[in-house]
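J.: Structure incoming, see below.
Any read-out appearing in this document is the output of simple, stated calculations on the displayed coordinates, not a laboratory observation. For clarity, every value in this text was computed on a predicted model and none was experimentally measured. Glycine also receives a Cβ, built like all others from the backbone with ideal geometry; neighbour counts cover every protein chain displayed.
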Amino acid sequence: MPVHTSSTFAPAAVLCGVAGWVPPRVVTNDELAARLDTDDTWIRTRTGIRRRHIAGPGQATSDLAVEAGQLALRNAGFDAVGTDPVDAVIVTTTTPDRPCPATAPAVAARLGLRQAAAFDVGAVCTGFVYGLATAAGLIASGVAARVLLIGADTYSSIVDPLDRANAIIFGDGAGAVVLRAGDSDEPGAVGHFDLGSDGTHEDLIMVAAGGSRRRSEGGQLARAERHFAMRGNEVYRHAVTRMAASARATLSGAGRKIDDVDHFVPHQANLRILHSVADDLGLPRERCVANVDAVGNTGAASIPLALADAAARRVIRPGDRLLLTAFGGGLTWGSCLLTWPELPPPTRPYDPIVPYDTGVDAPS
Ligand code: UT7
């Protein structure tokens, strides 16, 4: 579904702050291989992942979200303590602190935001792009002049640590952006959107139990029902075709070509997926921002974390034209355009991997 947020809508949402944060504990492929039937070579060549950060005991999604949110507000030049620099806080996550209430109000309170509207958006790994569209809508309608959008996920809370197919992929993390009301033609303006879903494939990515469909009465749920399940191979194929189609729909809706894109910033699902999408779009792979090697798939956090890391490394510079594309459970997908604004470079969210070489296989 194309969603038009061009000059017919005013004001536009303009990005004015960014940050990423990951918990300090690093889990390497070798550490996983010590307890699972897997090895570093398989993980690296099939996914491009070398390590991931995992939340410590008692560390919840809101804890990660607060860290990223605070850094993003600081990057935007706002001191959250004792003031209300934003009118709304959106947390997009698949791993809320608990089923009820939403995670965003607690995050807002801990950031010292006493008056802001606060709610969660759920679109699994597409959450950040859906959240951007939601924030743009709040700003365009005049409901909010400034919005803090945080993508945060603690997949370690839903992935079975004994499931080798998923434990190797996912990491925990948070990324955040601050958006303000501005003009659609100024740097930072969040541009044309494409959002979509196909719920006929809801079974491809799922936590089967714990909601109203399959209730956890008496704590009798089977282990598999309580944990995250993904039919990886089928998801892989959908991810490549849906992300490429969404990226194309966004470009054509905005009257742009792939050559107009300086950096493609996709959801960090798997390096082979990212390269396949880039190849399909005719985009040189070096213009595809990838940090999946260092953090794994961090769900709703992955795009803002990739943005924060690339901006900190000066890979993304003011004036660069970005295409953001995500895909996730639901199925859901979405894309949007963004010209990078003048910002103080954010702090690097994590230590780099040196040398930068994923060793990933060519896509099949
Ligand atoms: O973020 C939301 C969207 N998510 C994604 O986009 C993820 C999409 N899927 C993927 O990234 C890939 O499908 C995976 C990384 C999950 C799996 O890679 P694959 O190349 O599709 O592997 P596969 O599922 O086809 O499995 C190939 C083989 C199987 O063995 P057999 O049946 O051929 O003997 C698996 O049992 O690899 C085996 N395998 C493993 N071997 C070693 C699966 N996981 C592992 C593992 N280590 N961790």
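J.: Return one quarter of the surface area of the convex hull spanned by the alpha-carbon atoms of region 108-196, equal to its mean projected area, in nm².
T.: Details: hull surface 30.4 nm².
Mean orientational projected area (region 108-196, Cα hull): 7.6 nm².
J.: If you don't mind, there's one more thing I want to ask. State, as an integer percentage, the relative contact order of the chain based on alpha-carbon contacts under 8 Å between residues 6 or more apart.
T.: This gives 26 percent for the chain.
J.: A further question follows. In the neighborhood of Gln115, defined by Cβ-to-Cβ distances under 9 Å, what is the net charge if each Lys or Arg adds +1 and each Asp or Glu adds -1?
T.: Working: positive: Arg114; negative: Asp84, Asp87.
Here the charged neighbours net out to -1.
J.: Also, quick follow-up: What value in Å³ per residue do you get for the convex hull of the alpha-carbon atoms in region 57-100? Write down the numbers at each step before the final one.
T.: Details: hull volume 4.6 nm³, N = 44.
Taking the convex hull of the Cα positions in region 57-100, it is 105 Å³ per residue.
J.: Something else about it: So what is the calculated 222 nm ellipticity per residue for the chain, using -39500 (n - 2.57) for each DSSP H run with n of 4 or more, over all residues, to the nearest 500 deg cm²/dmol? Each step should come with its number before you reach the end.
T.: Working: 11 runs with 105 residues, N = 364.
Dividing the helical sum by the residues of the chain leaves -8500 deg cm²/dmol.
J.: Ranking Asp293, Asp309, Asp87, Asp39 by Cβ neighbours within 10 Å, fewest first, what do you get? Numbers along the way, then the final one.
T.: Numbers: Asp293 22, Asp309 25, Asp87 18, Asp39 12.
Ordered from fewest to most neighbouring Cβ atoms within 10 Å, Asp293, Asp309, Asp87, Asp39 come out as Asp39, Asp87, Asp293, Asp309.
J.: Based only on other Cβ atoms within 10 Å, what is the fewest-to-most ordering of Met230, Met243?
T.: Ascending Cβ contact count within 10 Å gives the list Met230, Met243.
J.: To the nearest Å, what is the center-to-center distance of region 81-123 and region 245-320, using C-alpha atoms only?
T.: Each part reduced to its Cα centre gives a spacing of 27 Å.
J.: Here's another thing I want to ask about it. Name the residues whose placed amide hydrogens come within less than 5 Å of the amide hydrogen of Val121, ignoring near sequence neighbours (fewer than 5 apart) on the same chain.
T.: HN-HN under 5 Å from Val121: Val91, Thr92, Thr93.
J.: Among Asp37, Asp262, Asp153, whose mean-square fluctuation peaks in a Gaussian network model of the chain (Cα, cutoff 10 Å)?
T.: Asp37
J.: Mind pulling the per residue volume of the convex hull built on the Cα atoms of region 12-182? Å³ is fine.
T.: Working: hull volume 19.3 nm³, N = 171.
Dividing the Cα hull volume of region 12-182 by its residues yields 113 Å³.
J.: Another question about this same structure. Using the number of other C-beta atoms within 10 angstrom as an exposure proxy, rank His227, His267 with the fewest first.
T.: Result, fewest neighbours first: His227, His267.
J.: Let me ask something additional. Would you work out which of Ala229, Ala306, Ile258 lies farthest towards the positive end of the dipole of region 189-339? Charges go on Cβ: Lys and Arg +1, Asp and Glu -1.
T.: Ranked along the dipole, the leading option is Ala229.
J.: Build a GNM of the chain with springs between Cα atoms under 10 Å: which of Ala72, Ala34, Ala224 gets the top mean-square fluctuation?
T.: Between Ala72, Ala34, Ala224, it is Ala34 that shows the largest mean-square fluctuation.
J.: Another one. For region 134-182, what is the convex hull (Cα atoms) projected area averaged across all directions, in square nanometres? Walk me through the numbers before you get to the answer.
T.: Values: hull surface 17.2 nm².
Mean orientational projected area (region 134-182, Cα hull): 4.3 nm².
J.: In 10 Å bins starting at zero, report the fraction of Cα pairs in region 254-323 per bin as a rounded %.
T.: 21, 54, 25, 1
J.: With the alpha-carbon atoms as the only input, what is the per residue convex hull volume for the chain in Å³? List each step's numbers first, then the result.
T.: On the way: hull volume 46.6 nm³, N = 364.
Considering the Cα atoms of the chain, their hull volume per residue is 128 Å³.
J.: Could you tell me how far the Cα centroid of region 226-244 sits from the Cα centroid of region 146-215, in Å?
T.: If you average the Cα positions of each part, the centres end up 14 Å apart.
J.: Based on DSSP loop calls and a cut-off of at most 12 other Cβ atoms within 10 Å, the longest stretch of the chain free of exposed trypsin sites (Lys or Arg not before Pro) is what?
T.: Working: sites that count: Arg35, Arg114, Arg213, Arg215, Lys257, Arg314.
Longest run free of exposed loop sites: 115-212.
J.: While we're looking at this one, here's another question. Name the residue, out of Thr94, Thr241, Thr250, whose mean-square fluctuation peaks in a Gaussian network model built on the chain with Cα pairs under 10 Å.
T.: Thr241
J.: Could you tell me the ratio Rg/Rh of region 179-311? Both radii from Cα atoms, Rh via Kirkwood.
T.: Radius of gyration relative to Kirkwood radius: 1.04.
J.: Please report, in whole Å, how far the alpha carbons of region 244-364 spread along each principal axis, starting with the longest.
T.: Here the spans come out as 37, 37, 28 Å, largest first.
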